[in-house]
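Student: Dropping the structure in here first, questions after.
The values are calculated or read from the model by the stated rules, or taken from the named source; none is laboratory data. If you're wondering where the values come from, they're calculated on a predicted model, not measured in any experiment. Backbone-built Cβ (ideal geometry, glycine too); neighbour counts: all protein chains shown. We work out accessible area using only protein heavy atoms, side chains counted, and drop any ligands, DNA or RNA first. Shrake-Rupley method; radii C 1.70, N 1.55, O 1.52, S 1.80 Å.
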Amino acid sequence: MACIRKRRGKWVVDYRDAAGIRRWVTRQTRRQAEDVLEEKLRETRQPTRPAVDPDITLADYATRWLQLVGASVKPRTVESHEFALRRHLLPTLGRVKVRQLAKGQVKTLLAERLTSGLVPASVRLFYSTLRALLYAAVDDGIIVANPAARLGRQLRLVRPPAARQEEIKAMTREQLARFVATAIQVAPRYAPLFLLLARAGMRVGEAFGLTWDDLDFPAREIRVARAFSGGQIETPKSGHGRTVDMSQQLAATLRRLHADRKAETLRRGWREMPSWVFCTEAGTPLDKSKVGKVFRLVLKRAGLPLHFSPHGLRHTFASLLLQMSMSPAYVQRQLGHASIKLTVDTYGRWLPMGNKAAVDALDEGRGSKLVAELGEAAGRASEVPEKSGEPCWDRTSDPLLKRQV
């Protein structure tokens with residue numbers, strides 16, 4: 001029986017869906033709740049069969065879920081889900097029916113993994129897998145609420161932004177200049193790649209997948225349309241392409257690289273010039289491990305800390321822009337982040353904490369004249385006693401000793 005009741009200052013719509021499963025929906029006002037109830041009653045009059053057996057076990061549902069999620073995520077993500085399920089979840093919870101899975105069971109499993117010596121990163125991995133699987137079970141009508149929701153914060157699996165920011169290794173402007181200068185001397189073939197990562201903020205895989213057709217030199221723009229990872233061409237991490245700006249220095253460097261590549265094509269007798277902007281001496285895409293070794297060699301020769309990585313040049317790009325008071329929205333678009341919140345949460349410690357020029361811009365153009373007018377007005381006000389009926393206090397002596405006049 002569907003009904004509306006008020007609870008803790010909010011209106012709750014209590015009803016059963018077409019599959020007979022009891023549901024609750026909360027709204028701020030009674031009018032909103034009545035609209036929801038009318039909509040849900042209309043839906044329940046259309047009899048449907050549940051897409052999934054309500055008594056399905058976690059193991060069987062995981063098989064179904066992996067098949068469906070594989071159509072919308074990258075193969076590496078599916079592999080990580082499969083590993084988390086096979087290694088941690090199914091041996092313990094595989095035979096449990098999804099609708100009988102309780103929050104306490106999930107919390108106990110996570111706590112046991114944390115105390116067993118498993119690194120928090122691994123626990124976060126299989127927790128995110130289980131949480132995503134159970135949200136899908138909510139959508140399929142098997143369960144009403146996700147028993148894994150909000151456990152990440154309770155068990156401190158979700159790292160606060162400040163902790164994530166401290167783990168980011170970004171070079172200073174001076175360190176970057178020394179690194180690039182050393183790369184030109186030690187690894188000239190890789191120097192343009194390193195400059196691109198530091199000047200455009202692209203991911204390493206996105207740089208590997210860059211072709212000459214992606215470069216628009218007159219507009220000084222780069223179209224990031226693909227990423228090269230694990231020997232496969234994929235879409236960028238965001239799932240779609242984006243356009244980033246080229247600095248003048250980067251554009252000049254890539255123009256020179258294009259001319260050099262034409263000469264190399266003739267010198268090596270290639271049938272045609274490789275389409276990849278960055279390639280090996282055989283004209284094939286670069287290898288991530290090889291780039292990592294060259295990067296480390298340049299760090300050693302430059303006398304820089306070895307904790308930096310090629311991906312750290314992307315961090316360097318973002319941190320330097322933000323330190324120069326560039327808009328976080330611009331940095332977000334260049335990096336390809338899904339939201340500006342992600343950008344600020346990741347690089348917030350590089351944002352300037354104060355800017356007096358910003359508040360100075362609010363001042364009116366009259367300048368000193370306005371200050372003089374305000375001073376004269378304040379002087380006149382001090383000479384006229386207040387007429388509000390409140391007592392007037394003489395503060396010419398010790399301010400702690402008030403004498404009514």
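Student: Can you work out the base-10 log of I(q)/I(0) for the stretch 112-181 at q = 0.18, 0.21, 0.25 1/Å, using the Debye formula on its C-alpha atoms alone?
Tutor: -0.80, -0.94, -1.10
Student: For the stretch 72-138, restrict the atom set to alpha-carbon positions and state the Rg and Dmax in Å.
Tutor: Values for the stretch 72-138 (Cα only, Rg and Dmax): 11.9, 34 Å.
Student: Please work out whether the stretch 221-310 counts as rounded, prolate or oblate from its C-alpha gyration tensor, where a ≥ b ≥ c are the square roots of the eigenvalues and a/c under 1.5 means rounded, while otherwise a/b larger than b/c means prolate and anything else oblate?
Tutor: Since a/c stays below 1.5, the shape of the stretch 221-310 is classed as rounded.
Student: I've got another one for you. Would you list, by chain and number, the aspartates and glutamates whose Cα falls below 17 Å from the Cα of LYS293, excluding same-chain residues fewer than 8 positions away?
Tutor: GLU281
Student: At each listed q (0.15, 0.20 Å⁻¹), what is the log10 of I(q)/I(0) that the Debye formula gives for the stretch 285-341 modelled as equal alpha-carbon point scatterers?
Tutor: Here the Debye-derived log intensity ratios amount to -0.59, -0.81.
Student: Quick check: at a probe of 1.4 Å, how many percent of the accessible area of the chain sits on carbon and sulfur atoms?
Tutor: On the chain, the fraction of accessible area on carbon and sulfur atoms equals 52 percent.
Student: Beyond a 27 Å Cα-Cα separation, which of these cross-linked pairs lie in this structure: LYS262/LYS290; LYS288/LYS341; LYS237/LYS356; LYS10/LYS97; LYS40/LYS107; LYS169/LYS237?
Tutor: Over 27 Å Cα-Cα: LYS288/LYS341; LYS237/LYS356; LYS10/LYS97; LYS40/LYS107.
Student: Cα-based Rg of the chain per 2.2 N^0.38 Å, rounded to two decimals?
Tutor: The value comes to 1.44.
Student: Using a probe radius of 1.4 Å on heavy atoms only, what accessible surface per residue do you get for the chain? Whole Å² is fine.
Tutor: Counting only protein heavy atoms, the per-residue value for the chain is 61 Å².
Student: Regarding the stretch 12-170, what's the average projected area of the Cα-atom convex hull, expressed in nm²?
Tutor: 12.4 nm²
Student: Let me ask something else about it. Pull out a ≥ b ≥ c, the square roots of the eigenvalues of the alpha-carbon gyration tensor of the stretch 53-103, then state rounded if a/c is under 1.5, prolate if not and a/b is larger than b/c, and oblate in the remaining case.
Tutor: It is oblate, given that a/c is not under 1.5 and a/b is not larger than b/c.
Student: Loop only by DSSP, 13 or fewer other Cβ within 10 Å of the Cβ. Give me the chymotrypsin sites (Phe, Trp or Tyr not before Pro) in the stretch 266-363 that pass, ordered by residue number.
Tutor: Sites meeting the loop and neighbour criteria: TRP270.
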